[in-house]
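Any read-out appearing in this document is the output of simple, stated calculations on the displayed coordinates, not a laboratory observation. Since the model is a prediction, treat every value here as computed from it, not as a measurement. Here Cβ is always computed from backbone atoms with ideal geometry, including for glycine, and neighbour counts include all displayed protein chains.
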Amino acid sequence: MGQTSLQTGGNPPTIEELEDLAFELRSKLLHLCGTYEGAVHIGGDLSAADIFTVLYNYGLNVDPTDIANPARDRFVLSKGHAAVCMYIAMAMRGFFSYDGIVETYGQLDSAYGMHPCKVQLPGVECSTGSLGHGLPLAVGMALSARGRGEGHRVFCLLGDGETGEGSVWEAAMAARSNELGNLVAFIDRNRQLMTSFAEERIVFEPYPDKWAAFGWNVVNVDGHDMRQLVEALDALPAADSNRPTVVICDTVKGKGVDFMERNLAWHAGSLGPADLERAMAALEASREKESV
Ligand SMILES: Cc1ncc(C[n+]2csc(CCOP(=O)(O)OP(=O)(O)O)c2C)c(N)n1
């Protein structure tokens, strides 16, 4: 598969263009999964694919040709096991080559590890993978930006299961206490953990109320509806405001591939050639269904 795709002549992409990009991202993800011999965290990649798409092509002020620009927005992938989806979204945005990811993904010494490493892969802002650490890191980065008088935002993507970690709530309290309106958390609320459905293990609900009780500005969206995602980004309070924002994205683990959707067997897995064909057919069918 080629590189991206998006030719907007400098204008922000339309909703339709973002939807096409999300489809391309899912296709590329499945193809990688079909060529890599080990397991890929495909379920939580597919649930977050629309979020990655809207962030890298609409929400984040980043430039792949100027990755060290101090004014850039920072992105922290707290659910680090979804790294491959981030790599591909970044490749589609021009940060690196998709073919390069496919060639070395998951191999010893590859820059494209199962979890992201900022030392190995310039453009990645934080090394993550141990759940519960991304939001605390993002709080530190947002606090540092404030201290230096910098006007950028810090975005962080978490899994909902991950928010069972106490460190997330310490960070949530610290963010409000320090009035970090420059901090934006996205939660991939797919209601599944690694081997179980979320509410079977931890009572998350009333989930939005919990964030509100910690003093955050709470926005609820369908995490597969590009228009709602764009509107949430458009409506973010100014970076110099005093309340952090959480965008709770209602999502489906395995989204787009019917036999993976809400299926605990597909937290992580690999695809043989026949599975890949079946998965691609399912993805095409899901797209057609949604465009009716
Ligand atoms: C501290 C820590 N404990 C356990 C794991 C192993 N692990 C990887 S993914 C995962 C499930 C996470 O669920 P969630 O945050 O909801 O992610 P998603 O369902 O979106 O993949 C677990 C337990 C880990 N990476 N870090």
### Task
State the antiparallel share, in %, of DSSP beta bridges confined to the stretch 15-291, rounding to the nearest 5.
10 percent
### Task
Please give the length that would be gained between Asp275 and Ser110 if that part of the chain were fully extended, namely 0.36 nm times their separation in residues minus their C-alpha to C-alpha distance (nm, one decimal).
56.8 nm
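What FRET efficiency would be calculated for the residue pair Phe204, Glu179, taking the C-beta separation as r and a Förster radius of 25 Å, to the nearest 0.05? Could you put the intermediate results ahead of the total?
Numbers: r = 26 Å, r/R0 = 1.04.
Efficiency at R0 = 25 Å is approximately 0.45.
Using R₀ = 35 Å, calculate the FRET efficiency as 1/(1 + (r/R₀)^6) where r is the Cβ-Cβ separation of Lys118 and Ala212; round to 0.05. Spell out each step's value before the answer.
On the way: r = 32 Å, r/R0 = 0.92.
Calculated transfer efficiency: 0.65.
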### Query
If you build a Gaussian network model of the chain, linking Cα atoms that sit under 10 Å apart, which residue out of Lys255, Lys28, Lys118 swings the most?
Lys118
#### Entry: Alpha-carbon Rg with Dmax, taken over the chain, Å
17.9, 54
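Net charge near Phe155: determine it from the other residues with C-beta under 12 Å of the C-beta of Phe155, scoring Lys and Arg +1 and Asp and Glu -1. Write down the numbers at each step before the final one.
Numbers: positive: Arg72, Arg74, Arg153; negative: Asp73, Glu125.
Its environment carries a net charge of +1.
What is the packing order of peptides 32-38, 177-183, 43-49, taking the mean over residues of other C-beta atoms within 10 Å and listing the highest first? Before the final figure, lay out the partial values.
Numbers: 32-38: 16.6, 177-183: 21.6, 43-49: 28.9.
Averaged packing, sorted descending, gives the order 43-49, 177-183, 32-38.
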### Task
State, to one decimal in nm, how far the label point of Glu231 lies from the label point of Ser196, with both points 7 Å from Cα in the Cβ direction.
3.6 nm
#### Entry: Ordering of 192-204, 129-141 by burial proxy (mean other Cβ atoms within 10 Å per residue, highest first)
129-141, 192-204
### Task
Under 25 Å between C-alpha atoms is the cut-off here; go through the stretch 15-291 and count lysine pairs that meet it, provided they're at least eight residues apart or on different chains.
12
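By how many nm would the segment from Ala285 to Asn61 lengthen if fully extended, with 0.36 nm per residue of separation less the alpha-carbon distance? Before the final figure, lay out each step's value.
Details: separation 224, 0.36 × 224 = 80.64 nm, distance 3.33 nm.
Full extension of this stretch gives 77.3 nm more.
If you place +1 on the Cβ of every Lys and Arg and -1 on the Cβ of every Asp and Glu, how big does the dipole about the Cα centre of the stretch 15-291 come out, in debye to the nearest 20? Numbers along the way, then the final one.
Working: 23 positive and 39 negative charges, 153 e Å.
For the stretch 15-291, the charge dipole is close to 740 debye.
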